[in-house]
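Worksheet for the structure shown next.
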Amino acid sequence: MASLASCIFCRIIKGEIPSFKLFESDKTLAFLDINPLSRGHALVIPKHHGAKLADIPDDHLSEILASLWYPLQATGATDYNLLQNNGRIAHQVVDHVHFHMIPKPNEKEGLGIGWPQQQTDMEKLKALFEDLKSRM
Ligand code: 5GP
Ligand code: ZN
């Protein structure tokens with residue numbers, strides 16, 4: 001699906017909702033986040049509508065990868081986090097794939113990260129991946 005009439009980011013692409021655009025090509029748009037976690041927090045999106053990463057064609061994704069550094073240029077941020085949420089429980093609110101580029105100027109501003117390490121059934125997990133590799 002190329003675009004969705006009700007999708008807020010498709011409407012930003014079409015210019016129906018105002019945004020401050022940082023970069024635009026046939027396949028990609030970067031614009032400032034309306035509720036930034038830090039100065040220069042930007043969103044980089046494919047123009048192809050899709051809710052989750054696997055819904056986006058490879059050629060759109062590869063162009064996004066090459067564009068992610070761009071929003072950093074204006075603020076000169078040297079430390080930053082890239083965030084890409086998929087699904088409600090993973091904190092995705094807007095169902096159009098987007099990459100957050102979030103400058104991390106100091107300890108307080110930018111993305112705060114919890115890192116809850118845990119034990120897993122590592123041997124069973126490895127067997128699952130071995131099985132997957134053997135079928136590829
Ligand atoms: P998510 O939690 O889905 O990964 O993040 C969605 C992001 O989109 C949020 O950071 C939010 O501030 C941003 N956002 C939501 N609506 C708008 C909008 O209308 N304009 C802009 N520029 N950003 C938006
Ligand atoms: Zn969309």
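The values are calculated or read from the model by the stated rules, or taken from the named source; none is laboratory data. Just so we're clear, the structure is a prediction, and the values are computed from it rather than from any experiment. Every residue, glycine as well, gets a Cβ built from its backbone with ideal geometry; the counts of neighbours run over all protein chains shown. Surface accessibility is based on the protein's heavy atoms, side chains included, excluding ligands, DNA and RNA. Shrake-Rupley method; radii C 1.70, N 1.55, O 1.52, S 1.80 Å.
For the chain, take the longest principal axis of its alpha carbons; what is the angle in degrees between that and the long axis of helix 58-67, to the nearest 10 within 0 to 90? Between helix and principal axis, roughly 60 degrees.
The accessible surface of the chain, taken with every protein chain in place and a 1.4 Å probe, is 58 percent carbon and sulfur.
Here the chain was treated as a single set of alpha-carbon atoms; its pair distances binned every 10 Å from 0 give 11, 35, 31, 17, 6, 0 percent. What does a probe at residue 58 reach in the range 24-45, counting residues whose amide N is under 19 Å from the point 7 Å along Cα→Cβ? Only 27-28 fall inside the zone, counting backbone N under 19 Å. Packing, as the average of other Cβ atoms within 10 Å across residues, places the peptides 106-118, 86-98 in the order 86-98, 106-118, highest first.
Could you state the number of Å between the C-alpha centres of the range 86-103 and the range 5-80? For the range 5-80 versus the range 86-103, the Cα centre distance is 11 Å.
For the chain, what is the accessible area per residue in Å², given a 1.4 Å probe and the full set of protein chains? Write out the running numbers ahead of the final one.
Numbers: 9250 Å² over 136 residues.
Heavy-atom accessible area per residue stands at 68 Å².
Think of it as helices only: each DSSP H run of n ≥ 4 in the chain is worth -39500 (n - 2.57), and spread over all residues that comes to -7000 deg cm²/dmol at 222 nm. Given q = 0.25 Å⁻¹, what are the Debye log10 I(q)/I(0) values for the range 66-121, with equal point scatterers placed on the Cα positions and solvent ignored? Each listed q maps to, in turn, -1.08.
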